1. Using DSSP to call loops (not H, G, I, E or B), can you name the trypsin sites (Lys or Arg not before Pro) in the chain whose Cβ has at most 16 other Cβ atoms within 10 angstrom?
2. Using amide H atoms built in the peptide plane, which far-off residues or other-chain residues are under 5 Å from Ile33 H to H?
3. Taking other Cβ within 10 Å of each residue's Cβ, how do Val17, Val5 sort, fewest first?
4. Hey, can you grab everything whose amide H is under 5 Å from the amide H of Ala58? Only 5+ residues off in sequence or another chain; H modelled, so Pro and N-termini drop out.
5. If you fit an axis through the alpha-carbon atoms of helix 44-53 and take the longest principal axis of the Cα set of the chain, what angle between them do you get, 0 to 90°, nearest 10?
6. Could you list Ser19, Ser52 in order of exposure, starting from the residue whose Cβ has the fewest other Cβ atoms within 10 Å?
7. Simple spin-label model, 7 Å along Cα-to-Cβ: Leu53 to Ile31 in nm?
8. Karplus couplings for segment 14-26 from phi (6.51 cos²θ - 1.76 cosθ + 1.60, θ = phi - 60°), rounded to Hz, Gly and Pro as x?
Amino acid sequence: MKIEVNHPACVGSGQCVLSADDLFDQDDDGIVILLHDEAGPGREAAARRAASLCPARAIMLTD
């Protein structure tokens, strides 16, 4: 599963980091940092959860 983020849309809520801290981090301003652009088979559920919890819908997933 491929992960993309829309940095300008990010509002810095941190839900992605709380859901999948091995896939996402935040910079000093709270904006999402994508650590890995692919979610392996064991991390797909966490990536989906992070995308669904993002209030700005700044995380996009493609299979």
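We did not get these values from a lab; they are worked out from the coordinates using the rules stated. Please read all numbers here as calculations on a predicted model, not as lab measurements. Heads up, the Cβs are rebuilt from the backbone with ideal geometry, glycines too, and the neighbour counts pull from every protein chain shown.
1. Within the chain, the qualifying trypsin sites (Lys or Arg not before Pro) (loop, at most 16 other Cβ atoms within 10 Å) are Arg57.
2. Here the answer is Asp25, Gln26, Asp27, since their amide H atoms fall under 5 Å of that of Ile33.
3. Fewest-to-most Cβ neighbours within 10 Å comes out as Val17, Val5.
4. Correct list: empty.
5. In the chain, helix 44-53 runs at an angle near 30 degrees to the longest axis.
6. Fewest-to-most Cβ neighbours within 10 Å comes out as Ser52, Ser19.
7. Using points 7 Å along Cα→Cβ, the separation is 2.2 nm.
8. Working through the residues one at a time gives x, 4, 5, 5, 5, 8, 8, 6, 8, 10, 10, 9, 10 Hz.
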